[in-house]
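Quick note: the coordinates plus some simple rules give every number you see, no bench work behind them. Everything numeric here is computed off the predicted structure, so don't read it as measured data.
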Amino acid sequence: MDFRIIHSDCIDAMRELIAGGVQVDLIMTSPPYADARKKQYGGVNPDYYAEWFSTFHEGFWNILKPTGSFVINIKDKVVNGIRHRYVWETIQKLTSLGWHCIDDYIWVKKNPMPGYWPTRLRDGWEYCFHLSKTKTPYINQDAVRQPTKESTKKRINYLSEKYKYRYASENQSGFGNNLSHYINKEKVLPSNVLTISSISKSKKHPAAYPIDLPRFFIKLLSPPGGLILDPFAGSGTTGQAAIEEGFKPILIEREQEYIKDIEERLNGNQGIGTKVSTTNVP
Ligand SMILES: C[S@@+](CC[C@H](N)C(=O)[O-])C[C@H]1O[C@@H](n2cnc3c(N)ncnc32)[C@H](O)[C@@H]1O
């Protein structure tokens, strides 16, 4: 198994990795959400979140390969009954710093927490933003193709000839589409709406994401066997997904208690205690 677990603030750790010539194929992460879990790991006021997050920009930018991708899983927060748009502000800030926002994915939770709110319903989804330094980042769509649903096959066959053979997009998106290619196709691309149960495998970390979320993006956005960085590693879910799929993770986490969680999870008990514990990752 090839992985690295680094117990450090991620800005310092990324600086050292960059100085050592490390460049990664994908940054896959879920940073601390605004005002979240102050006792466990701080908590940043949503009004200042975009500014705070931009302090990590230089490290993310310099550690990512030119054709690499950066995926951020995050959720807006309700402040005084109203959705605060700190997430949009953060993405706009990153865009102003040079990142391209290639797409917004929506992670739909199969099992959102029950509850009651006077003016809204249960929170059932979160964002995953796909950012990159180039407009044409590496992508391996074949790695995530899904069997074509019978309903999709029927829908294509039901279309008029005009729509089956349409070449240029009619909504000015810049993408042409010839639906006739998909007649009788057994596999199609999934959509950018990902339905995944929110049950995580970490019983200790309060904000772990489900392993199938990083698994999807790792397979889609890194060349096989590539280097995957999670700078806010938490319980190491990204690391476990990467290892299971044959990729090499670098996990950075500031809190000692979660480092233990990661070690147990990845069974990588070699040499932690110094800043960097490593196996064979370059
Ligand atoms: C939302 S959690 C990530 C959970 C993770 N995706 C999982 O599945 O377990 C964010 C993590 O970032 C860590 N963190 C916060 N600031 C950090 C920093 N500056 N450097 C490294 N880790 C940090 C926190 O301790 C926390 O564990």
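Ratio to report: Rg/Rh of region 8-153, with Cα atoms as the point set and Rh obtained by the Kirkwood method; give two decimals.
1.01
Provide Rg and Dmax in Å for region 225-270, with only Cα atoms included in the calculation.
Calculated on Cα positions, Rg and Dmax stand at 9.7, 29 Å.
Between VAL193 and THR134, what is 0.36 nm times their sequence separation minus the Cα-Cα distance? Round to one decimal in nm.
On the way: separation 59, 0.36 × 59 = 21.24 nm, distance 2.30 nm.
Gain on stretching VAL193 to THR134: 18.9 nm.
Send over the per residue convex hull volume for region 67-151, Cα only, as a whole number of Å³. If you can, show how the numbers build up before the last one.
Values: hull volume 11.7 nm³, N = 85.
With only Cα atoms used, region 67-151 gives 137 Å³ per residue.
What residues have an amide H closer than 5 Å to that of ASP76, excluding those fewer than 5 places away on the same chain, when H is modeled at 1.01 Å from N in the peptide plane?
Here TYR127 satisfy the definition.
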